[in-house]
Amino acid sequence: MITHQLLPCRKEGRLEDKGKSGCYNYLRSSNIEDAQPTEQEREVWNQVNSVLQDSENILSGLQAYKGAGQEIRDAIQNPSDLMLQERAWNSVCPLVIKLKKFYSFSLRLEEALRSLLESLTCPPLTPTQHLEREQALAKQFAEILHFTLRFDELKMRIPAIQNDFSYYRRTISRNRINNMNLDIESEVNNEMANRMSLFYAEATPMLKTLSTATTHFTENNTLPLENTTDCLSTMASVCKVMLETPEYSSRFSSEDTLLFCMRVMVGVIILYDHVHPNGAFNRSSKIDMKGCIKVLKDQPADNVEGLLNALKFTTKHLNDESTPKNIRAMLQ
């Protein structure tokens, strides 16, 4: 499981805030082992941990995804060759099972996110107090976002996913191939295939899942919207301060920790932009978008291309008239 530290330190029992973006004056060192769940956190932590434990296997499976492009091309070019049709089908079916596994994991991740949001926004504590006192849960929230950005970065580089799934759906719907094992329909029925199709049609499917889940959480919650948006903006501020301040960024043990911090920052910005009526880019936003984009653009281009694209294409309000032109220009 991912282990990095993003959380602010205590000073006289509370977090020190500064300015509208809620930046902290003091940040903890990068010893993630300190963030262990308290008894109050334990139940939710265990539930979320059972999901996060599978995250690396999901990423490894996606990274190893090769696709059945050649087999599909051969089958399409030789429609009367039943052997090639069968070879393509037998190549695609295991891949579809793998794609179902990824999709099913997104549903588990969605449920885990909802549990964390409930814990990190419920009264009587403020969101800032939650992030301080429930650091193990805040760490898990960050780990979910980190996984999400990694998954989507990988998925965007694998066009074979949609090609394979499209071939699968065409073959099922035609049902022309005789004597082939179509038992897979018991695993991936039409309803499941429809949901998977919508999922993989998204450029960033995991982020879309979490954005929708966060929006539904706020819409179906009696708590003030600010409980959620303040939690998200606070996490974005912590990440930005760690990235732009040498005192903290110099403690990063590796480039992986740097990437972790950037991914979490982008993830919470996107969630905030979907949840807040005015979005993250508006002048009234509690997130310093100019500062956040700047710290990304100060990094090597190869490290941040996917993250900048996520801000361009996965956010909701970037192209609103209320978005300052200089912010929009930074993401051109």
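Report whether or not MET242 is hydrophobic (A, V, I, L, M, F, W, C), under 27 Å from THR209 (Cβ atoms) and more than 17 Å from the chain's Cα centre (by Cα).
yes
If you take the residues of the range 165-196 that are within 13 Å of SER104 (Cα to Cα) and not β-branched (Val, Ile, Thr), which of them is modelled with the lowest pLDDT?
At the first step, the residues of the range 165-196 found to be within 13 Å of SER104 (Cα to Cα) are 187-188, 192-193, 195-196.
Now restrict to residues that are not β-branched (Val, Ile, Thr): 187, 192-193, 195-196.
Values: GLU187: 83, MET192: 93, ALA193: 92, ARG195: 96, MET196: 97.
So, considering only residues that are within 13 Å of SER104 (Cα to Cα) and not β-branched (Val, Ile, Thr), the one modelled with the lowest pLDDT is GLU187.
Please go through (1) in a helix (DSSP H, G or I); (2) more than 22 Å from THR229 (Cα to Cα); (3) in contact with a Phe, Trp or Tyr (Cβ under 6 Å, 6 or more places away or on another chain) for ILE158 and return the number of the only condition it doesn't satisfy.
Status for ILE158: all satisfied but (1).
Conditions (1) surrounded by 15 or more Cβ atoms within 10 Å (Cβ to Cβ); (2) over 23 Å from HIS130 (Cβ atoms), marked per residue:
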site: THR204; (1), (2): yes, yes
site: THR218; (1), (2): yes, no
site: LEU225; (1), (2): no, no
site: THR229; (1), (2): yes, no
site: LEU232; (1), (2): yes, no
site: MET235; (1), (2): yes, no
site: LYS240; (1), (2): yes, no
site: TYR248; (1), (2): yes, no
site: GLU255; (1), (2): no, yes
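When you check LYS294 against the structure, is it under 24 Å from ASN319 (Cβ atoms), modelled with pLDDT of 90 or more and assigned to a helix (DSSP H, G or I), yes or no? Outline the logic, then answer.
Numbers: under 24 Å from ASN319 (Cβ atoms): yes; modelled with pLDDT of 90 or more: yes; assigned to a helix (DSSP H, G or I): yes.
Yes: the conditions hold for LYS294.
Which of the residues spanning the range 64-104 are farther than 13 Å from GLU187 by Cβ, assigned to a helix (DSSP H, G or I) and in contact with a Lys or Arg (Cβ under 8 Å, 6 or more places away or on another chain)?
Within the range 64-104, GLU71, ASP74, ALA75 qualify.
One line per residue, one yes/no per condition, for (1) in contact (Cβ under 8 Å) with a residue 12 or more places away in the chain; (2) closer than 17 Å to LEU271 by Cα; (3) surrounded by fewer than 22 Cβ atoms within 10 Å (Cβ to Cβ):
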| site | (1), (2), (3) |
| --- | --- |
| LYS101 | yes, no, yes |
| ARG114 | yes, yes, yes |
| ILE144 | yes, yes, no |
| THR148 | yes, yes, no |
| ILE161 | yes, no, yes |
| TYR167 | yes, no, no |
| ILE172 | yes, no, yes |
| ALA193 | yes, no, yes |
| ALA201 | yes, no, yes |
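For LYS208, only one of the following conditions fails: (1) among the charged types (D, E, K, R); (2) over 30 Å from ILE161 (Cβ atoms); (3) surrounded by 15 or more Cβ atoms within 10 Å (Cβ to Cβ). What is its number?
That leaves (2) as the condition not met.
In the range 72-90, which residues are within 36 Å of the chain's Cα centre (by Cα) and surrounded by 20 or more Cβ atoms within 10 Å (Cβ to Cβ)?
Of everything in the range 72-90, those that are within 36 Å of the chain's Cα centre (by Cα) and surrounded by 20 or more Cβ atoms within 10 Å (Cβ to Cβ) turn out to be ILE72, ALA75, ALA88, TRP89.
Given the criteria surrounded by 18 or more Cβ atoms within 10 Å (Cβ to Cβ), under 20 Å from the mean Cα position of the chain (by Cα) and modelled with pLDDT under 90, does THR315 qualify?
The answer is no for THR315.
Mind listing whichever residues of the range 251-287 are of a type in the set (S, T, N, Q) and modelled with pLDDT of 90 or more?
Matches in the range 251-287: ASN278, ASN282, SER284, SER285.
The values are calculated or read from the model by the stated rules, or taken from the named source; none is laboratory data. Values in this document were obtained by computation on a predicted structure and should not be read as measured data. Note: ideal-geometry Cβ built from the backbone for every residue, glycine included; neighbour counts use all protein chains shown.
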